[in-house]
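Since the structure comes first, as structure tokens, the remarks are kept for the end.
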Amino acid sequence: MLHQELLVEDPDSYKNYLRMEGTTFKKLLSSIEDRIKKQDTHFRQCISAEKRLSITLRYLASGNTYRDLMYATRIHESTISLIVPNVCESIIEALMPEYIKMPASTHEWKNIAKEFEALWNFPMCIGSLDGKHINFKAPCSAGSFYYNYKGAHSIVLLALVDANYKFIYVDVGINGRISDGGVFRESSLREALNNNSLNLPEDDHLPGTDIKIPYVIVGDDAFPLTHRLMKPFPQRGLSVEKRIFNYRLSRARRIVENTFGILTNRFRILQTTINLSPEKAEIISLACCVLHNFLAANEKKYIGTESHDCTLARMSQQGGSRCTNSASDIRTIFCNYFNSPDGSVEWQNRAIGIL
């Protein structure tokens with residue numbers, strides 16, 4: 001097999017071919033081998049579990065069609081069309097419970113908040129939330145059901161990530177006609193936040209102050225402003241203080257966008273229009289998310305380091321959602337804190353263009 005030759009002769013090309021190192025491939029294979037292996041018969045020899053996994057990883061990594069893989073592997077595209085979804089489902093079943101899971105204790109949530117404060121200068125933050133459209137070729141019978149504002153057919157991947165670019169919650173499959181805010185409204189995450197069933201920490205003091213506020217998630221304008229979800233101030237006529245708040249929030253919020261960038265650069269099937277049913281596109285997208293966390297946990301160089309500084313992100317104003325007074329008050333408290341001696345950073349004025 002080609003990947004075996006590359007492992008011996010050119011390890012760098014091997015890693016580029018399957019998007020993981022040889023030792024990581026072996027660990028992944030051992031985790032799902034019993035789920036994907038087949039038995040030989042008297043009539044023919046089965047395709048090995050190793051080859052099934054390598055075909056699937058190459059499909060996810062390259063974004064090639066089943067027909068392209070047929071010529072490269074000498075396995076008919078009809079067989080590949082059965083292998084890939086089966087292997088992706090096995091990856092989800094075997095690895096998702098371990099590698100994508102919500103924090104189980106207040107201590108774990110507080111650790112995420114500490115990392116957001118240390119790395120991205122946003123205290124009391126327990127996650128960055130956003131949605132990504134996964135384009136696919138919708139069946140004619142679907143009409144405009146999956147047609148999104150970008151002029152393509154898609155399903156939406158809603159994700160909550162920690163400060164280290166790892167998924168802690170994913171929800172994929174809602175049709176692309178619905179906005180990110182609408183996807184969040186229908187998600188189990190919103191329900192859990194409303195029901196207080198996530199075991200979140202109790203309100204705590206902002207560092208260096210006696211002001212108590214809740215731990216929050218950060219998102220963009222598409223999401224509603226609630227006491228657990230912070231979003232930017234509207235873009236018109238902003239004061240310097242509000243511009244600084246928007247910058248500081250953008251600095252934490254962009255982590256989820258960076259995570260999507262890492263994900264799609266590693267698994268380029270997500271950069272294409274997937275020529276499969278919405279159900280299979282959902283399975284493939286979820287498998288890529290699981291593999292992302294698996295690689296982040298098992299390969300030190302999977303997620304590269306980057307500067308902790310950034311310029312003010314341009315955030316387009318979208319249809320707003322009315323907020324409660326308490327949510328607005330919490331945002332104002334954060335705004336005041338970021339403009340105070342306790343919460344400011346020396347470069348924030350320069351970041352928004354004020355010398």
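Can you tell me which residue is farthest from residue 128 (Cα to Cα) among those in region 171-224 that are in a loop (DSSP other than H, G, I, E, B) and of a type in the set (Asp, Glu)?
Top of the filtered list is 210.
I need the full set of residues from region 57-87 which are hydrophobic (A, V, I, L, M, F, W, C) and over 17 Å from the mean Cα position of the chain (by Cα), in order please.
57, 69, 70, 72, 75, 80, 82, 83, 84, 87
Within region 83-119, take every residue that is of a type in the set (Phe, Trp, Tyr) and surrounded by fewer than 22 Cβ atoms within 10 Å (Cβ to Cβ) and give me the one that is nearest to residue 296 (Cα to Cα).
The qualifying residue nearest to residue 296 (Cα to Cα) is 99.
Is it the case that region 185-207 has a residue that's of a type in the set (Lys, Arg) and either buried (at least 18 other Cβ atoms within 10 Å of the Cβ) or not assigned by TED's automatic domain parsing to the domain that holds residue 130 (or both)?
The answer is yes, given that some residue of region 185-207 is of a type in the set (Lys, Arg) and either buried (at least 18 other Cβ atoms within 10 Å of the Cβ) or not assigned by TED's automatic domain parsing to the domain that holds residue 130 (or both).
Can you pull out the residues in region 1-42 that are assigned to a loop (DSSP other than H, G, I, E, B), modelled with pLDDT of 70 or more and among the acidic types (Asp, Glu)?
21, 40
Pick from 162, 220: which is under 23 Å from residue 353 (Cα atoms) and of a type in the set (Asp, Glu)?
220
Across region 296-352, which residue is modelled with the lowest pLDDT among those that are among the small types (Gly, Ala, Ser) and either touching a helix residue (DSSP H, G or I) at 6+ places or on another chain (Cβ under 7 Å) or not assigned by TED's automatic domain parsing to the domain that holds residue 261 (or both)?
313
So residue 245 ticks every box in (1) more than 16 Å from the chain's Cα centre (by Cα); (2) closer than 20 Å to residue 108 by Cα; (3) part of a helix (DSSP H, G or I) but one. Which box is left unticked?
It fails just one condition, (2).
Of all residues being over 24 Å from residue 296 (Cα atoms) and among the hydrophobic types (A, V, I, L, M, F, W, C) in region 165-184, which is surrounded by the most Cβ atoms within 10 Å (Cβ to Cβ)? Just the residue, please.
Among them, the one singled out is 184.
Only one residue in 290, 240, 256 is surrounded by 24 or more Cβ atoms within 10 Å (Cβ to Cβ) and either among the hydrophobic types (A, V, I, L, M, F, W, C) or not assigned by TED's automatic domain parsing to the domain that holds residue 219 (or both), so which one is that?
That would be 256, the only listed residue that is surrounded by 24 or more Cβ atoms within 10 Å (Cβ to Cβ) and either among the hydrophobic types (A, V, I, L, M, F, W, C) or not assigned by TED's automatic domain parsing to the domain that holds residue 219 (or both).
The values are calculated or read from the model by the stated rules, or taken from the named source; none is laboratory data. Note that the coordinates shown come from a computational prediction; the quantities given were computed from them, not determined experimentally. Cβ coordinates were reconstructed from backbone atoms using ideal geometry, including for glycine residues, and neighbour counts include every protein chain displayed.
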